[in-house]
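The structure appears below as structure tokens.
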Amino acid sequence: MVSSYNKIGNMLFRNVPSLSRTIFSSASPEPFRHEKRSKKVDDASGLERGFSMLDAEFFNDSKMLEIEKGAKELTIPIIKDNRKIVATTNGGLKHPSPLVFNSEWKHEEIHDDVNRFNYPSVSGVTRPENEEDIAFMTILELGHLIRTKKISSEELVGIFLKRIKRYNPVLEAVITITEDLAYKQAKQADQLLAQGVDLGPLHGIPYGLKDIIAVPEYKTTWGSTTFKDQVLDIEAWVYKRLKSAGAVLVGKLVTGSLAYDDIWFGGRTRNPWNIEEFTTGSSAGPAACTSAGMVPFAIGSETAGSITYPSARCGVTALRPTFGAVGRTGVLSLSESLDKLGPLCRSAVDCAIVLDVIRGKDPDDLSSRKIFLDDPFSVDITKLTVGYIEDAEMEVVDVLRSKGVKMVPFTLNYTVESVQGILNFTMDVDMLAHFDTWQRSGQDDEFEAQDQWPTELRRARVIPAVDYIQSQRARGKLIQEVKEGFTVDAFVGNVTDWEKVCVGNLVGMPVMVVPVGFEKIKDPPTNATRRRSTVTTGIYAPPDHDHIALALTMAYQSVTDHHKQRPPIDNLGPDDAIPNPPKALIPPRILKG
């Protein structure tokens, strides 16, 4: 125990030299007593820097030595035992923490979610002659073509696979093309319809999954060099839901390495609207592929900005749902109390359809639950009071007001000042617990960007448990204050403001990413370039009120067409060309999940 303790103790208090050495003089009248006293002082001094790193300098020498003794006899053995029980594999796919977060404001379950939404009907949809036009049709339009036998699911798969193979070499947005599986599922979908079996609006519709979501017999790489050959014999819960609804998986889409930003083992994912930009955020592939018409919709994830940021940059309509709305079994875990899965789509209508399929209680995800949502297609928005904050896009405010919504100025007030720090503590400590072996074995040295997870998780190693819990207590205070201050049915505000990203994820509130227009890019190569920077806003709702954010976004999109625009990936404009290699004009914010 002594040798093992010294090994771990040296790691915990590494680079902490003794501040003094025992000096023994034969002239000392009490050499033995002096030596013992000096050694005690030396031992305590050697611990001082370690305790300073933990912001625990208030302990006196005797207490520091007492803590050291207790660590040797009690703490380190417990740490080792726990590590053996739950920390021998990476990824957090097993042994979830019971310290889970429930974003529900009403704790009684008064409804069930078995009643599905009533989707609008479509009619008179004809098959376009151009495959590009087919690629940018909505879920309901594609479904109508399939049901009226104007196109088959197998034909759709062929169209989208062709686009993936054409654009992926430039966008670097797809990790694995699931071609054999796609044709197999499409054939089954077509056969079922021929037999009169209709599984719903996603029947026969192709889609993509962020590559942190496990699909049997296919690699689930987590975007990481370390895990790029990993095959998990797990069928993720969200994949099960989509498969049972008849949806057809065409690809595992890029995630930033270990769900951090847009850098992965094969490159860096680019923004279809401006090829010299990167997407930002780890749901890079879902955002870029949906924007470029490589899939009709995709499933991404967010822990801290990874749905909102890439969707905003790529001009995609997306929903970060209420925490707990979508089960996460079989999905790489960063933080059990922050991770969320959500749809990236062409429109709010499509988001509502996908959410309706994937929501519900996952029996193996302790944080998932049945959340009652009203039908967003039946919400009377004229009865809503919606706030708008200073950074809201006023076009959205004006359009909603014209549709009969009561729009009022609003500020979301709270007193907790450490919001961003709380999120970092929560995410980094949880992530390190899931990748303890990865760090201890030195595999973090293989990580694609050393200033990202490796640096953060090394810092997380010395966060005391008591301060982690204190951060959760502060989080509880924030949640209560936001609940009390949320005096409107929803509010409109900047969707990429980092403070709002942190608050929204800590509280578990849903937000819609809403495209509202375009701006000229900075330093264009030519004035005639077709490249653009997208402009977006967010529509935020309280937890369990995703239907409100969806209904408001649908109302806005019913009279605008920003979400229908297509990026210039085939024609950048006169005298403009795809650079080789592309360069990033705007450094991306580092986002996770």
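Brief remarks on what is shown
- Members of the range 182-196 that are under 30 Å from the mean Cα position of the chain (by Cα) and without any contact (Cβ under 8 Å) to a residue 12 or more places away in the chain: 184
- Scanning the range 179-200 turns up no residue that is open to solvent by less than 10 Å² (accessible area, probe 1.4 Å), farther than 24 Å from residue 141 by Cα and modelled with pLDDT of 95 or more.
- Single match in 473, 461 (criterion: among the basic types (Lys, Arg) and open to solvent by less than 70 Å² (accessible area, probe 1.4 Å)): 461
- Residue count for the range 389-411, restricted to those that are open to solvent by 50 Å² or more (accessible area, probe 1.4 Å) and closer than 15 Å to residue 548 by Cβ: 2.
- Any chance residue 250 is in a loop (DSSP other than H, G, I, E, B), surrounded by 24 or more Cβ atoms within 10 Å (Cβ to Cβ), of a type in the set (A, V, I, L, M) and touching a residue at least 12 places away in the same chain (Cβ under 8 Å): no
- Residue match in the range 352-372 (condition: closer than 20 Å to residue 203 by Cβ, open to solvent by 30 Å² or more (accessible area, probe 1.4 Å) and in contact (Cβ under 8 Å) with a residue 60 or more places away in the chain): no
- Selected residue (criterion: surrounded by the fewest Cβ atoms within 10 Å (Cβ to Cβ)) from residues of the range 114-136 that are in contact (Cβ under 8 Å) with a residue 40 or more places away in the chain and either touching a His at 6+ places or on another chain (Cβ under 9 Å) or hydroxyl-bearing (Ser, Thr, Tyr) (or both): 119
- Unique residue being under 30 Å from residue 449 (Cβ atoms) and open to solvent by less than 20 Å² (accessible area, probe 1.4 Å) when the list is 212, 205: 212
- Residue in the range 423-431 that is at pLDDT 95 or above, more than 26 Å from the chain's Cα centre (by Cα) and either among the small types (Gly, Ala, Ser) or open to solvent by less than 30 Å² (accessible area, probe 1.4 Å) (or both) present: no
- Residue in the range 145-161 that is among the charged types (D, E, K, R), without any contact (Cβ under 8 Å) to a residue 24 or more places away in the chain, open to solvent by 60 Å² or more (accessible area, probe 1.4 Å) and not in a helix (DSSP H, G or I) present: yes
- In the range 501-532, the residues that are of a type in the set (Gly, Ala, Ser) and either part of a helix (DSSP H, G or I) or modelled with pLDDT under 95 (or both): 504, 528
- Helices (runs of 4 or more DSSP H) lying entirely in the range 32-139 (those with 1 or more residues that are within 30 Å of residue 348 (Cβ to Cβ), of a type outside the set (S, T, N, Q) and modelled with pLDDT of 75 or more): 131-135
- Breaking point among (1) over 14 Å from the mean Cα position of the chain (by Cα); (2) open to solvent by 10 Å² or more (accessible area, probe 1.4 Å), for residue 339: (1)
- Checking residue 319 against (1) buried (at least 19 other Cβ atoms within 10 Å of the Cβ); (2) modelled with pLDDT of 95 or more; (3) part of a helix (DSSP H, G or I), the condition it does not meet: (3)
- Of the helices (runs of 4 or more DSSP H) lying entirely inside the range 385-458, those carrying at least 3 residues that are in contact with a Ser or Thr (Cβ under 6 Å, 6 or more places away or on another chain) and under 19 Å from residue 306 (Cβ atoms) are 419-434.
- Which listed residue, of 480, 439, is open to solvent by 40 Å² or more (accessible area, probe 1.4 Å) and at pLDDT below 95: 480
- Close pairs (8 angstrom Cβ cut-off, 6 or more residues apart or separate chains): under 28 Å from residue 558 (Cα atoms) and at pLDDT below 95 in the range 404-416, open to solvent by less than 40 Å² (accessible area, probe 1.4 Å) and charged (D, E, K, R) anywhere: none
The values are calculated or read from the model by the stated rules, or taken from the named source; none is laboratory data. From a predicted model like this one, the values you see are computed outputs, not experimental measurements. Cβ atoms come from the backbone with ideal geometry, glycine included; neighbour counts cover every protein chain shown. Side chains are part of the model used for accessible areas, which takes the heavy atoms of the whole protein and leaves out ligands, DNA and RNA. Shrake-Rupley method; radii C 1.70, N 1.55, O 1.52, S 1.80 Å.
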